[in-house]
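Remarks on the structure that follows.
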Amino acid sequence: MNMIEQPRNFTTELAVIGSGIAGFAASVFAVNRKIATALAGNSGAVAYTTGYLDLLGRLDGIATAVTDPWEGLLHLRQTQPKHPLGRIAVADLRAGFDEFTSFLGSGGIAYSRAGDRNVTALTPAGTLKQTLCVPATMAAGPRAFAARAACVIVDFEGLKGFSSREVVANLGGRWPGLAAQRIGFPDMARGEVYPEVMARALEVPATRERLATALQGVAGPARVIGLPAILGVHRPDRVHADLERLTGLEIFEIPTMPPSVPGVRLRELLEQALPKRGVTLIPQQKVTGLGFDGDGATLDLRDSYGPIRIRARAVILATGRFLSGGLEAHPDRIAEPLLDLPVTQPAGRADWYRERYTDVRGHPLHRAGIEVDAESRPLGRDGRPCSERLFAAGVIVAHQDWIRSRSGAGIAIATAYQAVGAAERYLRGSSGGLAATPSLNRQVVVPGE
Amino acid sequence: MSTISPEQPAPAAATTLETEVLIIGGGVTGTGIMRDLALRGIHSILIDKIDLCAGASGGNHGLLHSGARYVSTDLEAAIECRQENELLKRLAPHCIEATGGLFVAVEGDDPAFADEFPELCRRAGIRCDELTVAEARKLEPHLSDRLVRACRVPDATVDPFHLALANVDHARLTNGSLYRSHTELLRFEIVDGEIRSAVCRDHRTLAPLTIRARQVVNAGGAWAMNIARLAGCADVDLLYAKGTLLVNHDRMTRHVVNRLRPPGDGDILVPGGTVSILGTTSTRIQDLDHVAPTVDEIDRNIREGAAMIPALAGARYTRAFSRVRPLLQGTGNASDRAASRGFALLDHRSQGLANFCTITGGKLTTFRLMAEKAADLVAGRLGNRQAGTTATVPLPGDDAGRWTEPGAAPKHWYKLNDPGDMILCECEMVPQSAIDEIVATPPGAEREVMSIEAISLRSRVGKGPCQGSFCGIRVASYLYDSGYYRDAAGLVHMRDFFDERFKGQRPVIWGRQAAQMELAEALHCGLLGLDALDAD
């Protein structure tokens, strides 16, 4: 049978490509500004996030941790003027973090507010990490560490990659009141257990009760318990609060190896909350074509029901780096595959990586990326904006190393905030202006449409 | 779980060890000499600056030559290869996969070479079946459609790590001979034309160690010239040829595939377990200790390999590595590829030493023969008249190499059928019980402080597509869990393991490997902070 596939068409004001933290944050900022928005693109690396939202934890090339990220930003502005975090006003950055974390909080994942200093947070290896905002389910960990409170880290039979003895072995020297315990997860008797399965099980009250009993049994004199991040996928705040109520103990989560529960939480929350706020969401599909004409932009993609075409007046490119496909490393060059935008990059492949993997200075490849102007518009080969309708956000932007500077969420939120601001100025300024209310009634692409 | 632990050093080690023979260099030849001597009742100590197969022994294709590669350049070497190939297939079948090999020519290759080839093989006694192009492509569907000639020869593949581990274990069990890794030779004490002792140190802790021996064997491979000079011998004359190889993520062929033309870049693809190895470039170098693949070498291998197997052009590569091949100084006018692949045994009598010898050159396929010749000389000097038996005694090795063999760990795990025995390395299916066993009784190591790197050498940990980035974390966690690590040593070992794996990944990070690396780095550095261990 030979079927002619008719693309399903959507029209919107702003199309966001990429559903990592940057794409999600851009969509949040856009709906809060009453811009009709469609979000499409690969799921990105959001499932690999820890749940911590970093702003700036290290300055590239310097081994010591950054405890005051705002002071760190001043330093960055002076020493790396092209760094995306050096190009945003501090007030905007704070506003962006607050707006994004408020949205997450309203969906059931409350976050600490961005403070004046970094939070010293825990990792599954028992090392420490500087971050700006931590979810409520993890907040008691940094507090207990700061107070050196008596605390028991609990792990589970059959859960590999998370060892409470490892945390204690590496942190105990600085935290004498820290102890390790192991328990069995309720109703998962023998064999391997998986964080996501445990998390979903804990959404059931009876499982929480049995876990609470087990936790009380190993707490000893400690009033604080640390667990791997397994406290529910949806509304973890409720699971967490209920477990604290049942045990009478303070409880916190430590991120686990990816793909981890906190990443799944963020993705599922945003995929549910954004359509409710009017965003047209086409999840988990790669945009294969993007073109501009006098009236707007056209995005082509497809899902299992056939081709989809989105018409938009403005586009935010938030496709990420290699992991999410926003950049591609070919043997002879780094390329941006969707529009073939010029990519600032090291001279040749021999220069991509330093000799030593864990070299504290980081690798030149990670500073590769696209160039943007002050209005967040990607630049073409002639050094001019590639289109007045195109804006960029996230770690696809050059002159940063989000891994080594522990600034992934910071760059995503900052650049999304700026890109949406610029897109809004463009949409309101261009002929026709912004529609008074979102014109879309379709919110999620459903089968068969 | 064993009682050894990295922060509980064993009772102060004696600073002087005694043996009949000191062997320097833990490649296949050195381990082969150790076993050969043990079978003659002679005790030895084998030392290596790093660990088993750290040089050319571990940095090659794992090809067990039929000899066909050498028929046009070195008939004698070809015959030696043919004989050793047949012998090892019989005596060490657990280390060998009898894949068979093809020699293929494509459009544009010199037809004269292909015309001569079967006759040259016959002269060396090597079986060579001429195939039609259709037959060859039926055997190996990935072969180019521009194929013009094909021959089949008895090439095979061999696991040098398994060989070395089995040699060491057999020697240890036979007469208590010792192997010490990370033991670096500093100098010799020479009195009256005899080496009395070797002054060494632990390469990591710098703890000194003296080894007294009646005979000393230099099996240092590419480093043999440097070692000989420490003994004041100027008669070891080597050329250094750097070879670069790539590890392809997939096994693309069942046979070894060679280019039917004079030896050159990218002329061989060797299947091994679930992967394939593509090589080899050859470049003359002077500096032994700083060799790394270059972009140009990698691109040349892929370009030439793709002429035989077009899919190699777009394939996923997980590693590349370079090792130095020691070549005997030839007549001076031949190219490195034509230089003798034969070996040399020097007794150093002309240098005024009566108890020192050097064995070098040669190739993986002929390691047993080289070891036998060296052991003949040493045994004779010790007055031991027993003949060598490695040509007839099978190589045991059920245990020593059981974890290095692809597919062995999952079989073991499946047989145990213990749901509590979790898989730590998911790419290669290495379970907790395998790690327990390796740590408790490290194969090929007498008293070894194990690290994640040392475990990886003795198993498939880190050899799959993720190159250890996930299982390194899981193995470390497990070793903390079982009480083996009790402080930051586990983090340092984890970092060192990732740093070491990266050396091989670095030259081939493009395509999907770039995504894999980004994820690994986000995890190792962004989350765990392994790039800042020294600082915090």
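The values are calculated or read from the model by the stated rules, or taken from the named source; none is laboratory data. These figures come from a predicted structure and were not determined experimentally. Cβ coordinates were reconstructed from backbone atoms using ideal geometry, including for glycine residues, and neighbour counts include every protein chain displayed.
Here are some notes:
- Single match in A:V193, A:V218, A:V167, A:V204 (criterion: under 27 Å from B:N417 (Cα atoms) and either at pLDDT 95 or above or surrounded by fewer than 21 Cβ atoms within 10 Å (Cβ to Cβ) (or both)): A:V193
- Taking region B:68-86 as the range and being more than 18 Å from B:R325 (Cα to Cα), part of a loop (DSSP other than H, G, I, E, B) and not hydroxyl-bearing (S, T, Y) as the test, only B:V71 passes.
- B:I435 vs. criteria more than 8 Å from chain A (Cβ to nearest Cβ), over 26 Å from B:T244 (Cβ atoms) and not in a loop (DSSP other than H, G, I, E, B): yes
- Residue in region B:322-343 that is of a type in the set (S, T, N, Q), in contact with a Pro (Cβ under 7 Å, 6 or more places away or on another chain) and either assigned by TED's automatic domain parsing to the domain that holds B:M517 or at pLDDT 90 or above (or both) present: yes
- For region B:451-460, the count of residues that are of a type in the set (S, T, Y), crowded, with 20+ Cβ neighbours inside 10 Å and in contact with a strand residue (DSSP E or B) (Cβ under 6 Å, 6 or more places away or on another chain) is at least one.
- The number of residues in region B:464-474 being modelled with pLDDT of 90 or more and more than 8 Å from chain A (Cβ to nearest Cβ) comes to 1.
- Within region B:282-303, residues that are over 15 Å from B:G59 (Cα atoms) sit with their Cβ atoms under 6 Å from residues that are part of a helix (DSSP H, G or I) and among the basic types (K, R), at 6+ positions apart or across chains, in these pairs: B:V295/A:R349.
- Considering only residues in region A:7-36 that are out of contact with any Lys or Arg (no Cβ under 9 Å at 6 or more places or on another chain) and part of a strand (DSSP E or B), the one that is surrounded by the fewest Cβ atoms within 10 Å (Cβ to Cβ) turns out to be A:I17.
- Only one entry of A:R381, A:R356, A:R404, A:R361 meets the criterion of being facing chain B (nearest Cβ under 8 Å), surrounded by fewer than 21 Cβ atoms within 10 Å (Cβ to Cβ) and either outside any loop (DSSP other than H, G, I, E, B) or not hydroxyl-bearing (S, T, Y) (or both), and that entry is A:R356.
- The condition (being in a helix (DSSP H, G or I), at the interface with chain A (Cβ under 9 Å from one of its Cβ atoms) and either out of contact with any helix residue (DSSP H, G or I) (no Cβ under 7 Å at 6 or more places or on another chain) or closer than 24 Å to A:S164 by Cβ (or both)) is satisfied by just one residue among B:G490, B:G504: B:G490.
- Odd one out for B:G511 among (1) in contact with a strand residue (DSSP E or B) (Cβ under 7 Å, 6 or more places away or on another chain); (2) crowded, with 19+ Cβ neighbours inside 10 Å: (2)
- Out of A:P337, A:P346, A:P307, sole residue that is in a strand (DSSP E or B), surrounded by fewer than 18 Cβ atoms within 10 Å (Cβ to Cβ) and either within 14 Å of chain B (Cβ to nearest Cβ) or not acidic (D, E) (or both): A:P307
- Among (1) within 14 Å of chain B (Cβ to nearest Cβ); (2) touching a Pro at 6+ places or on another chain (Cβ under 8 Å) - the single one A:T137 does not satisfy: (1)
- Whichever residue in region A:325-334 is facing another protein chain (nearest Cβ under 9 Å), under 23 Å from the mean Cα position of the chain (by Cα) and part of a loop (DSSP other than H, G, I, E, B) and, among such residues, is farthest from A:R367 (Cα to Cα): A:G325
- Residue within region A:117-137 that is touching a Lys or Arg at 6+ places or on another chain (Cβ under 8 Å) and within 30 Å of B:P431 (Cα to Cα) present: yes
- The one condition in (1) assigned by TED's automatic domain parsing to the domain that holds B:L260; (2) assigned to a strand (DSSP E or B) that B:P118 fails to fulfil: (2)
- Every condition in (1) more than 8 Å from chain A (Cβ to nearest Cβ); (2) within 21 Å of A:F322 (Cα to Cα) holds for B:V461 except the one numbered (2).
- For beta carbons closer than 9 Å, sequence separation of 6+ or different chains, a first residue in region A:54-79 that is within 13 Å of another protein chain (Cβ to nearest Cβ) and surrounded by 15 or more Cβ atoms within 10 Å (Cβ to Cβ) and a second that is of a type in the set (F, W, Y) and part of a helix (DSSP H, G or I), the qualifying pairs are A:L56/A:W70.
- Residue list for region A:245-260, restricted to those being away from chain B (no Cβ under 14 Å) and hydrophobic (A, V, I, L, M, F, W, C): A:L246, A:L249, A:I251, A:F252
- Selection within region B:367-385 - free of Cβ contacts under 8 Å to residues at least 60 places away in the same chain and in a helix (DSSP H, G or I): B:K373, B:D376, B:L377, B:G380
- Each residue in region B:36-91 was checked for being touching a Phe, Trp or Tyr at 6+ places or on another chain (Cβ under 9 Å), among the basic types (K, R) and within 21 Å of B:L269 (Cα to Cα), and 1 pass.
- Condition met for B:K89 (outside the structural domain of B:G264 (by TED's automatic domain parsing) and not in a helix (DSSP H, G or I)): no
- Of the numbered criteria (1) within 28 Å of A:L269 (Cβ to Cβ); (2) in contact (Cβ under 8 Å) with a residue 12 or more places away in the chain, the one A:A206 fails is (2).
- Looking only at residues in region A:144-157 that are surrounded by fewer than 18 Cβ atoms within 10 Å (Cβ to Cβ) and either among the aromatic types (F, W, Y) or in contact (Cβ under 8 Å) with a residue 12 or more places away in the chain (or both), the one that is nearest to the other protein chains (Cβ to nearest Cβ) is A:E157.
- Number of positions in region A:82-113 that are part of a loop (DSSP other than H, G, I, E, B) and either at positive phi or touching a Pro at 6+ places or on another chain (Cβ under 9 Å) (or both): 4
Each row is one residue, and each column tells you yes or no for (1) under 28 Å from B:G59 (Cα atoms); (2) modelled with pLDDT of 95 or more.
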{"residue": "B:V133", "(1), (2)": "no, yes"}
{"residue": "B:H162", "(1), (2)": "yes, no"}
{"residue": "B:A171", "(1), (2)": "yes, yes"}
{"residue": "B:S177", "(1), (2)": "yes, yes"}
{"residue": "B:L185", "(1), (2)": "yes, yes"}
{"residue": "B:I227", "(1), (2)": "yes, yes"}
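- Residues that are under 21 Å from the mean Cα position of the chain (by Cα), in a loop (DSSP other than H, G, I, E, B) and farther than 17 Å from A:F156 by Cβ, drawn from region A:234-271: A:H234, A:R235, A:P258, A:P259
- Every test in (1) at pLDDT below 80; (2) assigned to a helix (DSSP H, G or I) is passed by B:A520 save one, and that test is (1).
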